[in-house]
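The values are calculated or read from the model by the stated rules, or taken from the named source; none is laboratory data. In this text the structure is predicted, and so the values were computed from the model without any measurement. Ideal geometry is used to build each Cβ from the backbone, glycine not excepted, and the neighbour counts take in all protein chains shown. Note: areas computed on protein heavy atoms with side chains; ligands, DNA, RNA excluded. Shrake-Rupley method; radii C 1.70, N 1.55, O 1.52, S 1.80 Å.
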Amino acid sequence: MDLLILGGTVFLGRHLASVALARGHRVTLFHRGRHPLAFAELGVAAGALARIETLQGDRHEGFASLAGRHWDAVIDTSAYRPSAVVAAVEALEGSVSHYTLVSSISAYPQLGIVGINEDNATSTLTAAELAEGENLDRENPEQVGRFYELYGPLKAACERVLLERLPMKGLVVRPGLIVGPHDPTDRFTYWPERAARGGVALAPGDAARAVQFIDVRDLAEWIVSMAEQRRCGALNANGPTTPTTMGAVLESCARVAGKGTRYEWCDEAFLSEAEVTPWMDLPLWIPASNAEMKGFMQFDCSRARAAGLTSRPLDDTVRDTLDWALTLAGGAPRRAGMKPEREAAVLEQWRASRH
């Protein structure tokens with residue numbers, strides 16, 4: 001199969017390319033050239049690298065470098081604006097046999113519902129919101145906050161473009177939190193890294209609370225398989241296969257790290273008073289009091305499971321994420337998670353509040 005990936009050099013796209021090469025496909029990456037093509041570190045054989053081609057370009061400036069070419073399938077990892085999907089479909093409609101759009105579970109508006117499946121409605125935008133969203137730059141610090149407020153509805157608008165224009169060869173994939181090696185967000189990586197420091201770690205709320213995430217390698221393997229099968233429609237894609245909890249994830253991190261890490265579970269009301277930020281200060285944590293997000297970690301992904309989506313053992317995801325994280329520069333800033341001194345201060349405050 002000749003596969004075109006829009007994006008492909010950072011996280012999911014990089015793993016998609018790796019999987020496709022391992023399965024014997026030829027891969028073309030269309031990207032801006034801002035990140036090195038470091039595929040060897042994913043275990044891609046030197047011989048397979050001869051089957052990867054790069055075309056540099058910015059999708060918001062057009063697809064001139066793709067003119068006159070044909071691919072069996074395209075996987076779009078980088079669409080955030082509906083106009084970008086319109087342009088891609090118009091440029092590629094006669095050049096590809098299948099189009100996968102990577103969307104997000106954030107495309108659903110009512111995240112307080114447990115068990116959301118593909119029959120639930122996705123978000124809509126007013127004309128004014130759509131116009132605003134089309135002009136927001138997620139790399140502009142002054143606009144990024146508003147961009148992420150509109151992120152889910154914009155993704156839903158992107159989906160509609162694809163499914164309306166290419167109903168017989170379009171697939172929408174809605175992942176949840178994507179984790180694993182080369183994750184640039186640190187929204188899962190914090191916990192294996194924290195366990196590797198040992199000692200007593202601050203843990204939030206209820207250890208029995210359900211959490212969901214998908215290993216990037218499992219997601220990539222499945223998406224490539226769906227492209228091979230020309231699967232159409234929309235599918236939620238989250239994991240693990242066997243439901244897990246915050247406590248199980250943290251215990252896996254402690255077990256894998258082997259540093260004897262213990263967890264001190266702090267009350268959510270206290271954490272709120274201490275101005276500990278859910279999701280960013282303590283990744284994977286969404287307070288139980290946030291009824292509007294009750295279903296965010298409990299999506300129904302049974303249709304994707306029936307279509308072959310599987311999850312590797314949790315310990316494997318933790319181990320490989322930690323191994324990768326340990327190769328990073330120790331002093332490099334992290335995008336999520338508490339710094340050791342902040343964690344220690346909050347733990348001290350928590351203990352004092354209980355006496």
Practice item. Give the shape of region 193-251 as rounded, prolate or oblate, defined through the alpha-carbon gyration tensor: a ≥ b ≥ c are the square roots of its eigenvalues, a/c under 1.5 means rounded, and otherwise the shape is prolate if a/b is larger than b/c and oblate if not. Key: prolate
Review point. Among 188-198, 291-301, 247-257, what's the highest-first ranking by average C-beta atoms within 10 angstrom per residue?
Key: 188-198, 247-257, 291-301
Check your understanding: In sequence order, what are the phi-derived ³J(HN,Hα) couplings for region 230-245 according to the Karplus relation 6.51 cos²θ - 1.76 cosθ + 1.60 with θ = phi - 60°, rounded to whole Hz, with x for glycine and proline?
Key -> 6, 5, 10, x, 9, 9, 6, 9, 9, x, x, 4, 8, x, 10, 10
Check your understanding: What whole-number value in cubic angstrom gives the convex hull volume per residue for the C-alpha atoms of region 51-101?
Key -> 85 Å³
Review point. By average Cβ neighbour count within 10 Å, what is the ranking of 209-221, 163-175 from highest down?
Key: 209-221, 163-175
Review point. What's the carbon and sulfur percent of region 221-355's accessible surface, probe 1.4 angstrom, rounded to a whole number?
Key: 50 percent
Practice item. Just check region 277-354 against the gyration tensor rule for me: Cα atoms, a ≥ b ≥ c as the square roots of the eigenvalues, rounded for a/c under 1.5, and otherwise prolate or oblate depending on whether a/b exceeds b/c. Key: oblate
Point to revise | Translational D in µm²/s for region 232-335 (Stokes-Einstein at 20 °C, 1.002 mPa s, Kirkwood Rh from C-alpha pairs) | key: 131 µm²/s
Review point. For the peptides 14-21, 56-63, 302-309, what is the packing order when you average, over each peptide's residues, the other Cβ atoms within 10 Å and list the highest mean first?
Key: 14-21, 302-309, 56-63
**Study point:** Percent of C-alpha pairs per 10 Å bin, region 47-134, short to long
**Key:** 13, 37, 30, 16, 4, 0
**Study point:** Only Lys, Arg (+1) and Asp, Glu (-1) charged, at Cβ; region 100-191 dipole about Cα centre in debye
**Key:** 300 debye
Check your understanding: Given Cα pairs under 8 Å that are at least 6 residues apart, what percent is the relative contact order of region 241-355?
Key -> 40 percent
Practice item. About the Cα centre of the chain, how large is the charge dipole given +1 on each Lys and Arg Cβ and -1 on each Asp and Glu Cβ? Please answer in debye to the nearest 20. Key: 740 debye
Review point. What do you get when you divide the Cα radius of gyration of region 1-159 by 2.2 N^0.38 Å, with N the number of residues?
Key: 1.12
Point to revise | Whole-number percent relative contact order across the chain, with pairs defined as alpha carbons under 8 Å at least 6 apart | key: 18 percent
Exercise for review: Quote the Stokes-Einstein diffusion coefficient, in whole µm² s⁻¹, for region 112-227, based on the Kirkwood radius over alpha carbon pairs, a temperature of 4 °C and a viscosity of 1.567 mPa s.
Suggested key: 74 µm²/s
Exercise for review: Could you size up the charge dipole of region 261-346 around its Cα centre, putting +1 on the beta carbon of Lys and Arg and -1 on that of Asp and Glu, and report it in debye to the nearest 20?
Suggested key: 420 debye
Review point. Measuring with a 1.4 Å probe in the full set of protein chains, what accessible area per residue, in whole Å², belongs to the chain?
Key: 44 Å²
Check your understanding: Applying the Karplus parametrisation 6.51 cos²θ - 1.76 cosθ + 1.60 with θ = phi - 60° to the phi angles of region 121-135, what ³J(HN,Hα) value in whole Hz is obtained for each residue in order, glycine and proline being reported as x?
Key -> 5, 9, 5, 10, 10, 6, 4, 5, 5, 4, 4, 5, x, 5, 9
Point to revise | Karplus 3J(HN,Hα) series, Hz, for region 259-269 with 6.51 cos²θ - 1.76 cosθ + 1.60 (x for Gly, Pro) | key: 10, x, 4, 10, 10, 10, 8, 9, 4, 5, 5
**Study point:** Selection from Ala157, Leu271, Cys232, by position along the positive dipole direction of the chain (Cβ)
**Key:** Cys232
Exercise for review: Take the Cβ-Cβ distance between Glu149 and Asp58 as r, set R0 to 22 Å, and report the resulting FRET efficiency rounded to the nearest 0.05.
Suggested key: 0.35
